[in-house]
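J.: Pasting in a structure now, in structure tokens, and then I'll have a few things to ask.
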Amino acid sequence: MKIGIPKETVSGETRIAVIPSMISTLTKMEHEVLVEKDAGAGASFSDQQFTDAGAKIAGSSKDLYQSSDIILKVQPPDEKEAGLFKEGSTLVSFLAPLDNLLLVKKLAERKITSFSMEFVPRITRAQSMDALSSMATIGGYKAVLIAANHLGKIFPLLMTAAGSIPPATVFVLGAGVAGLQAIATAKRLGAKVEAFDPRPAVKEQVKSLGAQFVEMELPEEDVETKGGYAKEQSDAFLVKEQEAIAARLPKVDVVITTAQIFGKKAPILITEEMVKMMRPGSVIVDMAAEQGGNCELTKANETIEKHNVTIQGAVNLPALVPVHASQMYSKNITNLLKHLLQATPYDFEDEITKGACITHDGKIVNEMVADAVQKGGK
Ligand code: NAD
């Protein structure tokens, strides 16, 4: 097979799907690897490193798409890219299919077999293919550094001849993969950290990182799906949660929000009234910005100042850490590809192959996505 790795075209995207040190994994499987010219530049990988690793360089994206049987990407293809695929070829990438229904329809029309990194089932057997976790880990780390940069205070306790400085307090809302990494990073920087997540299993994880779990009296609800994700909460639950968060906000310096519900808009945890209660100079980094934000004032991809609080609508944080983000993503995507290619044609009885597949043989095969298309979404 010929495997193509294009240069990412989305503005601000610095990652590449496969880094030079992973090329040999593909060539050892007797595949030919084509990398688009300068595709690794954003992550500081040169064309020379790719050719040294055994890949060939394609001069243009058209050449690359036209000669590849399989395309490995980071970002969903745009309209132009979607038109370049060879009919019947395979695409493995983040696709955000529920937000990109027009793209999904086009991939089906063009008879592309597409696999979405977001839809790899989060089962133990697929842990090494779980790019959502890898990218959330990088994002959680970076969110804390961004907050530290905006805050006019230092994080650690300092006792000097010039006086004592108490540690900054960081409040992490949502302690999934990104939140737990944010907690660990803020702790390493010396902050006092507190966190909340409605899923019961999280409490012990938060404590094991040395953070305080904020107890909240909330209506009893079934909060977790079988897959370990949070379920959408009722309005009554969110109102109570907002009250409990509001009680903490005047006492914290930084809030990192990561709360998300798979396939849905993010829950609002901080209203404008609550922002007004925060100390002047406080910082919110909202990692749910792309899903609408956990703070009512968040503007995706913008840093704004409102009521003396800096609010950063964090978008694509992994692209700010391109080397390690690409390294982790490379490992995840090549592990998935190895798994998919264990059977040719693909084994759609297999949970991972079936779960990740969005389009095949001219059809939208993922039920959730097909439903969304049928309901007339864009
Ligand atoms: P996510 O990005 O969908 O959500 C982030 C966090 O927001 C979650 O922890 C969720 O509980 C939390 N959240 C939702 N509503 C909230 C609210 N109202 N207030 C505060 N927090 C709220 O989730 P994720 O980090 O990608 O993964 C969540 C969990 O999935 C993991 O912690 C783990 O248990 C499970 N998981 C399992 C595997 C595996 O078994 N292979 C892999 C990855 C994740």
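The values are calculated or read from the model by the stated rules, or taken from the named source; none is laboratory data. All values derive from a computational prediction rather than experimental measurement. Please note: Cβ atoms are built from the backbone with ideal geometry, for glycine as well, and neighbour counts cover all protein chains shown.
J.: Given the conditions (1) in contact with a Phe, Trp or Tyr (Cβ under 6 Å, 6 or more places away or on another chain); (2) basic (K, R); (3) modelled with pLDDT under 95, report the number of the one that K354 does not fulfil.
T.: (3)
J.: Separate question: Name the single residue, out of those in region 96-135 being without any contact (Cβ under 8 Å) to a residue 60 or more places away in the chain, in a helix (DSSP H, G or I) and within 16 Å of the ligand (Cβ to nearest atom), that is farthest from the chain's Cα centre (by Cα).
T.: This residue is T124.
J.: Need at least 2 residues that are within 20 Å of A82 (Cβ to Cβ) per element, so show me which strands (runs of 3 or more DSSP E) inside region 1-58 make the cut, counting only ones lying wholly within it.
T.: The strands (runs of 3 or more DSSP E) meeting that bar are 2-5, 32-36.
J.: Taking the conditions exactly as written (within 18 Å of the chain's Cα centre (by Cα) and away from the ligand (no atom under 13 Å from the Cβ)), does V315 satisfy them or not?
T.: Taking the combined requirement at face value, the residue satisfies it.
J.: Taking region 196-208 only, how many residues are surrounded by 21 or more Cβ atoms within 10 Å (Cβ to Cβ) and of a type outside the set (A, V, I, L, M)?
T.: 2
J.: Being within 13 Å of the ligand (Cβ to nearest atom), under 20 Å from I284 (Cα atoms) and surrounded by 13 or more Cβ atoms within 10 Å (Cβ to Cβ) is the requirement here; does E221 meet it?
T.: No: the conditions fail for E221.
J.: Now for a different question. Just one of the numbered conditions (1) within 15 Å of the ligand (Cβ to nearest atom); (2) over 22 Å from the mean Cα position of the chain (by Cα); (3) among the aliphatic types (A, V, I, L, M) is not true of A178; which one?
T.: (2)
J.: Taking the condition of being near the ligand (Cβ under 9 Å from one of its atoms) and either surrounded by fewer than 17 Cβ atoms within 10 Å (Cβ to Cβ) or assigned to a loop (DSSP other than H, G, I, E, B) (or both), how many residues in region 250-267 meet it?
T.: Number satisfying all stated conditions: 7.
J.: Within region 59-69, can you find the residues that are part of a loop (DSSP other than H, G, I, E, B) and touching a strand residue (DSSP E or B) at 6+ places or on another chain (Cβ under 6 Å)?
T.: S68, D69 - these are the residues of region 59-69 that are part of a loop (DSSP other than H, G, I, E, B) and touching a strand residue (DSSP E or B) at 6+ places or on another chain (Cβ under 6 Å).
J.: Please work out if G190 is within 16 Å of the ligand (Cβ to nearest atom) and touching a strand residue (DSSP E or B) at 6+ places or on another chain (Cβ under 9 Å).
T.: So G190 fails the test.
J.: Shifting gears a bit: From the list P219, P267, P250, P280, pick out the single residue that is of a type outside the set (A, V, I, L, M, F, W, C), in contact with a Lys or Arg (Cβ under 7 Å, 6 or more places away or on another chain) and modelled with pLDDT of 95 or more.
T.: Being of a type outside the set (A, V, I, L, M, F, W, C), in contact with a Lys or Arg (Cβ under 7 Å, 6 or more places away or on another chain) and modelled with pLDDT of 95 or more holds for just one of P219, P267, P250, P280, which is P250.
J.: Identify, from the list A247, A300, the residue that is more than 13 Å from the ligand (Cβ to nearest atom), over 26 Å from G42 (Cβ atoms) and either surrounded by fewer than 17 Cβ atoms within 10 Å (Cβ to Cβ) or over 14 Å from the mean Cα position of the chain (by Cα) (or both).
T.: Answer to the selection: A247.
J.: Could I ask something else about it? Would you confirm whether or not region 188-195 contains a residue that is buried (at least 16 other Cβ atoms within 10 Å of the Cβ) and either in a loop (DSSP other than H, G, I, E, B) or of a type in the set (S, T, Y) (or both)?
T.: Yes, there is a match, as at least one residue in region 188-195 is buried (at least 16 other Cβ atoms within 10 Å of the Cβ) and either in a loop (DSSP other than H, G, I, E, B) or of a type in the set (S, T, Y) (or both).
J.: Scan region 224-244 for residues that are exposed (fewer than 13 other Cβ atoms within 10 Å of the Cβ) and either touching a Phe, Trp or Tyr at 6+ places or on another chain (Cβ under 8 Å) or not hydrophobic (A, V, I, L, M, F, W, C) (or both) and jot them down.
T.: Listed by number, the residues that qualify are K226, G227, G228, S234, D235.
J.: Let me ask something additional. Just checking, how many residues over region 341-352 are touching a residue at least 60 places away in the same chain (Cβ under 8 Å) and not aliphatic (A, V, I, L, M)?
T.: Residues that pass the stated criteria total 2.
J.: Of the residues Q205, Q242, which single one is within 21 Å of G140 (Cα to Cα), near the ligand (Cβ under 10 Å from one of its atoms), without any contact (Cβ under 8 Å) to a residue 40 or more places away in the chain and part of a helix (DSSP H, G or I)?
T.: So the residue among Q205, Q242 that is within 21 Å of G140 (Cα to Cα), near the ligand (Cβ under 10 Å from one of its atoms), without any contact (Cβ under 8 Å) to a residue 40 or more places away in the chain and part of a helix (DSSP H, G or I) is Q205.
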